[in-house]
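The values are calculated or read from the model by the stated rules, or taken from the named source; none is laboratory data. These figures come from a predicted structure and were not determined experimentally. Here the Cβ positions follow ideal geometry from the backbone for every residue, glycine too, while neighbour counts run over all protein chains shown. Side chains are part of the model used for accessible areas, which takes the heavy atoms of the whole protein and leaves out ligands, DNA and RNA. Shrake-Rupley method; radii C 1.70, N 1.55, O 1.52, S 1.80 Å.
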Amino acid sequence: MAASSEAQNSGSPVALVSGGASGIGAAAAAALTARGVRVAALDLKPEEVTGPALGIACDVTDDASVRRAVAEAAERFGRIDIVVNNAGIAAQGTVADNDDEEWHRVMDVNVVGMVRLARAALPHLRRSPVAAIVNTCSIFGWTGVVNRALYSASKGAVQGLTLAMAADHVREGIRVNAVAPGAVDTPWIQRVLALTPDPAAARETLNERHPLGRLARPQEVGEAIAYLALDATGTVGTILSVDGGIHALRL
Ligand code: NAD
């Protein structure tokens, strides 16, 4: 593991994608590999990682697990340049509905999980000539939506965290940005729709709520993540909406 700085920066760039086995994370992994990046997908279910990405078992709520996964990726690839902090879980309800345990559980995955992965990867990112972190935020970070108190608080925290990290690390050569998707057609949304009495009607309602008239495709968010990570070399501390206009537009 104690490779020299030169060896660390040999070969094509390497990205870690948390939650890379499904949905937006899998799409980000695909977009990055299509650009020649070698990807380690860190997930609770590494066996579900597809494509050329390397699946590595990782629970972002467990610091030792995160450190092990980062060490394994560094050992395997010799360098780490990009972190996509994407693993996240849902929560529904008002402040009256979720108990303390649920608040701690969701904040632990959605917020502290990003801190753990960034913290473990930082020594590698500091050695990279093309270092970037992209966090997956949400329009729930800046749009008030009923019954989403806990989830919105977690994504609001990710927004603040993104800006603070961007300020802390920009002079170390690490660009930190985030994407803020609206509803994206991933297994997550499919699970939510399946709980409604009429999933097809609920999907249509959700489509209509977006000015584009449809949910985002996971690939669209994956492309935005790859853009921020690789191409947007002048962009730092930006939260990029990929939300079909739902936050900014009123038709
Ligand atoms: P998804 O459920 O399809 O995938 C989430 C992945 O994260 C899964 O592979 C899961 O195993 C993994 N994961 C969950 N907990 C983990 C943990 N503790 N450690 C490691 N991996 C873990 O969800 P998705 O829709 O692709 O969502 C990904 C991210 O996008 C989340 O942060 C979510 O908040 C955000 N987001 C999703 C939508 C949407 O509409 N789908 C919209 C805005 C933001």
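Annotations
- Scanning region 190-205 for residues that are in contact with a Leu (Cβ under 6 Å, 6 or more places away or on another chain) and under 25 Å from L249 (Cα atoms) returns A202, R203.
- Extreme residue, least open to solvent (accessible area, probe 1.4 Å), among residues of region 109-127 that are of a type outside the set (A, V, I, L, M, F, W, C) and in contact with a helix residue (DSSP H, G or I) (Cβ under 7 Å, 6 or more places away or on another chain): N110
- Verdict on A180 being touching a helix residue (DSSP H, G or I) at 6+ places or on another chain (Cβ under 6 Å) and closer than 22 Å to D97 by Cβ: no
- The listed residues are G88, G25, G93, and the only one of them that is at positive phi and either of a type in the set (A, V, I, L, M, F, W, C) or in contact (Cβ under 8 Å) with a residue 12 or more places away in the chain (or both) turns out to be G93.
- Enumeration of residues in region 60-83 that are within 22 Å of R175 (Cβ to Cβ) and near the ligand (Cβ under 10 Å from one of its atoms): V60, V66
- The number of residues in region 205-251 that are part of a helix (DSSP H, G or I) and surrounded by fewer than 14 Cβ atoms within 10 Å (Cβ to Cβ) comes to 4.
- Candidates A183, A202 - the one that is touching an Asp or Glu at 6+ places or on another chain (Cβ under 9 Å) and surrounded by 13 or more Cβ atoms within 10 Å (Cβ to Cβ): A183
- Within region 111-144, tally of residues that are among the aliphatic types (A, V, I, L, M) and either part of a helix (DSSP H, G or I) or at pLDDT below 95 (or both): 11
- Within region 98-148, being within 14 Å of the ligand (Cβ to nearest atom), closer than 28 Å to R250 by Cα and either more than 16 Å from the chain's Cα centre (by Cα) or aromatic (F, W, Y) (or both) holds for F140, W142, T143, V145, R148.
- Among the residues of region 40-59, those identified as within 13 Å of the ligand (Cβ to nearest atom) and open to solvent by 60 Å² or more (accessible area, probe 1.4 Å) are L44, K45, E47, E48, T50, A57.
- Subset of region 1-39 that is among the hydrophobic types (A, V, I, L, M, F, W, C) and modelled with pLDDT under 95 - its residue that is surrounded by the most Cβ atoms within 10 Å (Cβ to Cβ): A3
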